[in-house]
Amino acid sequence: MVFRQSTESRGMRLDAYLARTGLASRKEARGLIRRGAVQVDAEVCRESGCRITSERVTRGEEIVASPAEEMLLLLHKPTGLSGSRDDRETPLVFDLFDEALRRCALKIAGRLDRATSGLRALTTDGDLVHRLTYPR
């Protein structure tokens, strides 16, 4: 289940915008922008710091969807998967997701070890993680 709040971006840097959509990492996005692979309102933009408000962003012929400002995923973690992002601890919970979701800055609320299954909340909202995991 995916919950997304407002998808409208106001004044976000172009490289951050592309990274938040899951299209590329921030570093990869800067490379795409430098190479002229990204268009803003049908014009090639080579400035990573270009601010996006309500423009139409495309990569080639593909429209880049506006990034979600907040995302919440609820997942029943099966046994045998690690909740870490460290590739040395494979297999990871994040391997269950498609490439776009893997690139999102999802944080896991709480911990379950590899041998335990259970409900996990993954979100881009750091304040929510704090509220769910801290006793106050």
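Below 15 angstrom from the Cβ of residue 134, what's the summed charge of the other residues (Lys, Arg +1; Asp, Glu -1)? Walk me through the intermediate numbers first.
Working: positive: 107, 111, 131, 136; negative: 125, 127.
Net local charge, residue 134 excluded: +2.
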| query | Using Cα-only point scatterers and the Debye equation, what is log10 of I(q)/I(0) for region 7-63 at each q in 0.22, 0.28 Å⁻¹, rounded to two decimals? | reply | -0.75, -1.28
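Give me 89, 55, 62 sorted ascending by neighbouring Cβ count inside 10 Å, so fewest comes first. List each step's numbers first, then the result.
Details: 89 12, 55 17, 62 9.
Lowest to highest Cβ neighbour count: 62, 89, 55.
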| remark: Between residue 77 and residues 5 or more places away or on another chain, the pairs with built amide H atoms under 5 Å apart involve 118, 119, 120
| task | In whole Hz, with x marking every Gly and Pro, tabulate ³J(HN,Hα) for region 95-105 from phi via Karplus 6.51 cos²θ - 1.76 cosθ + 1.60, θ = phi - 60°. | result | 5, 6, 9, 6, 4, 4, 5, 5, 7, 5, 7
| query | Once the Cβ-Cβ distance between residue 130 and residue 54 is put in as r, and R0 is 25 Å, what FRET efficiency do you end up with, to the nearest 0.05? | reply | 0.20
| said: Can you tell me how region 71-133 classifies by the Cα gyration tensor, rounded, prolate or oblate, using a/c under 1.5 as the rounded cut? | reply: oblate
| query | Short version: ³J(HN,Hα) in whole Hz for each residue of region 39-55, in order, from phi by Karplus 6.51 cos²θ - 1.76 cosθ + 1.60 (θ = phi - 60°), x for Gly and Pro, what are they? | reply | 10, 10, 6, 6, 10, 4, 10, 10, 10, 4, x, 4, 8, 9, 10, 10, 5
| Over all distinct Cα pairs, what is the inverse of the mean 1/r for region 11-136, reported as the Kirkwood hydrodynamic radius in Å? | 16.1
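All of the numbers you see were taken from the coordinates with simple rules; none came from a lab. Values in this document were obtained by computation on a predicted structure and should not be read as measured data. FYI the Cβ positions are ideal-geometry reconstructions off the backbone, even for glycines, and counts take in every protein chain you see.
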